[in-house]
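Nothing in this text is a laboratory measurement; each read-out follows from the coordinates by a stated rule. What you are looking at is a predicted structure, and each value in this text was computed from that prediction instead of being measured. In this analysis, Cβ positions are derived from the backbone assuming ideal geometry, glycine residues included, and neighbour counts consider all displayed protein chains.
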Amino acid sequence: MSILDAMLDEPAVLPAPAVIELAGLTRSFPGDPPVVALHEADLRIEAGEYVSVIGPSGSGKSTLLHILGLLDRPSTGEYLLDGVPTGSAPESERSRLRGGRIGFVFQSFHLLPHRTVLDNVLLATLYAGVPRAERRERALAALARVHLGHRIDFLPTVLSGGERQRVAIARAVVASPQVLLADEPTGNLDSSNSAGVLDLFDELHADGLTLVVITHDPAVSARAQRRVRITDGTLTELA
Ligand code: ADP
Ligand code: MG
């Protein structure tokens, strides 16, 4: 049998690419001396993992999140999202990837205060390119998923901080991203509201979503299945 026949006989099963793969990735900012905010980072995150990145202020957390979210580009090294090299991809391709594959959650919610909860989530379906006919149903399903089906007509201003963050999470997952990136998601919440958000992350993880949670809070970091520390721009896997 020829090699070709053998290959056709038994097709190679390619392993699924990691959702996130950083290879020797450095981000430095010009200055005298330059600031190396991220130093030769290697990081591989598989589909379905729940990873926290913990580090003190100034350690490079936001820099990492901006890179992972395709909001910033590495100085050197490569970032593959779902196997797609992004480092030198044109901005149009990066924004298409960002809209379709990444959900963001920030410390300060970023909801539109004069639009209802449902409208806030619907707007995200528009930007993510969800077909018009599916938008309302998808938004309602996302709000049900974060246990806010009873708040769809409320304005964010009358919700608790924890509820607002859950709206932001519904908005982040409504277009079925490959990965949810959260930057200090409990930073503006008291402990009971934080607990609600962390419980919700557990549920999303159990549903198979890939989560990357960036925090300075050991209690938040401890909830993840896998923990990474960042110190002066260097990543270290924690036991
Ligand atoms: P963290 O989010 O952990 O507080 P950052 O990623 O914001 O840390 O910052 C890491 C380092 O990079 C800090 O020393 C910060 O001053 C520097 N830095 C971040 N952004 C810039 C920038 N746009 N220009 C210059 N230095 C920056
Ligand atoms: Mg930061």
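Quick look at the numbers
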read-out: Beta bridges by DSSP in the chain, antiparallel share as percent, to the nearest 5; value: 50
read-out: Length-normalised contact order of the stretch 1-142 in % [C-alpha pairs under 8 Å, at least 6 apart]; value: 20
read-out: Taking the C-alpha atoms of the stretch 24-127, convex hull volume expressed per residue in Å³; value: 148
read-out: Residue-span extension gain [Leu71 to Ser108] - 0.36 nm each, minus C-alpha spacing; value: 11.6 nm
read-out: Net charge of neighbours whose Cβ lies under 12 Å from the Cβ of Pro113, counting Lys and Arg as +1 and Asp and Glu as -1; value: +1
read-out: For the stretch 38-94: span of alpha carbons on each principal axis (Å, largest first); value: 33, 26, 18
read-out: The stretch 180-233 versus the stretch 67-103: alpha-carbon centroid distance in Å; value: 22
read-out: Ranked Asp82, Asp199, criterion: other C-beta atoms within 10 Å, fewest first; value: Asp199, Asp82
read-out: Whether the chain is rounded, prolate or oblate, judged on the alpha carbon gyration tensor where a/c under 1.5 counts as rounded; value: oblate
